[in-house]
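Below you'll find the structure, written out as structure tokens, and then a few comments.
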Amino acid sequence: GDWDFWIDWKDRRFWPTVLPIVLVTFPAAAIYCFWEHFRLPFGATFCVLGLLVGEWINRYVNFWGWTYFPISLVWPTALVPMALFLDLVMLISGSWIITMIVGAMGWGLLLYPSNWPILAPYHLPMEREGLVMSLADLIGYEYVRTSMPEYIRIVERGTMRTFGKDVVPVAAFFSA
């Protein structure tokens with residue numbers, strides 16, 4: 001959804017909360033099919049790699065090819081470490097219950113740390129016209145998208161919420 005498209009939404013509260021919950025269903029089904037029918041422990045990784053290929057094709061064709069939107073501002077979420085963890089738990093335990101509890105918890109908790117190297121430069125604080133904001137906030141403010149209402153793109157003053165205070169771990173634990 002939109003939380004995975006735009007770089008200025010990836011440092012918000014909903015990205016580490018909603019995205020893992022929504023995305024775990026297809027890799028979980030792929031784990032079941034691959035493990036139950038073939039005893040292969042890479043169902044989630046296979047599913048995520050297919051999803052990422054489709055996402056990159058979508059980003060290049062639709063965002064860059066049609067509108068010349070900078071591709072560095074709409075990169076897809078790195079899901080491979082999360083899928084590898086889910087497959088590893090299934091391989092080691094061989095239990096659906098343990099994979100459901102431990103693997104899904106790791107899926108939710110690994111989203112933000114696995115994407116942090118890509119996301120970190122957009123969390124740098126900057127000052128513009130007397131306001132302190134992150135670079136992602138400035139990008140969201142400057143690249144106006146017609147489908148996003150103005151009340152969603154709120155440039156906050158002085159709260160430093162987008163710089164990774166205590167919101168991200170709470171959101172990650174809630175998604176786990």
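The values are calculated or read from the model by the stated rules, or taken from the named source; none is laboratory data. Treat the numbers as computed from the prediction; the structure is a model and nothing was measured. A quick note on method: Cβ atoms are made from the backbone with ideal geometry, for glycine too, and the neighbour counts reach across all protein chains shown. Ligands, DNA and RNA are stripped out before the accessible areas are found, and what is left, the full protein with its side chains, is counted by its heavy atoms. Shrake-Rupley method; radii C 1.70, N 1.55, O 1.52, S 1.80 Å.
Would you mind working out the accessible area per residue for the chain, using a 1.4 Å probe, and quoting it in Å²?
On a per-residue basis, 56 Å².
Just so you know, the Cα atoms of the chain work out to an Rg and Dmax of 17.7, 60 Å.
Which of the DSSP-defined H helices in the chain satisfy a minimum axial length of 20 Å, computed from C-alpha atoms, and a minimum mean Kyte-Doolittle hydropathy of 0.0? Length and hydropathy pass: 43-58, 104-119. Within the chain, the longest segment free of exposed loop sites, counting GluC sites (Glu not before Pro) that fall outside DSSP classes H, G, I, E and B and have at most 12 other Cβ atoms within 10 Å, spans 1-128.
Semi-axes of the equivalent ellipsoid of the range 62-150: what are they in whole Å, largest first, if each equals the square root of 5 times a C-alpha gyration tensor eigenvalue?
Working: eigenvalues 257, 55, 25 Å².
Each semi-axis is the square root of five times an eigenvalue, giving 36, 17, 11 Å.
Of the accessible area of the chain, computed with a 1.4 Å probe over protein heavy atoms only, carbon and sulfur atoms account for 72 percent.
Ranking of Thr67, Thr99 by solvent-accessible surface, largest first: Thr67, Thr99 (1.4 Å probe, protein heavy atoms only, all chains present).
Scaled to the compact-protein estimate 2.2 N^0.38 Å, what is the alpha-carbon radius of gyration of the range 24-107, rounded to two decimal places?
The value comes to 1.29.
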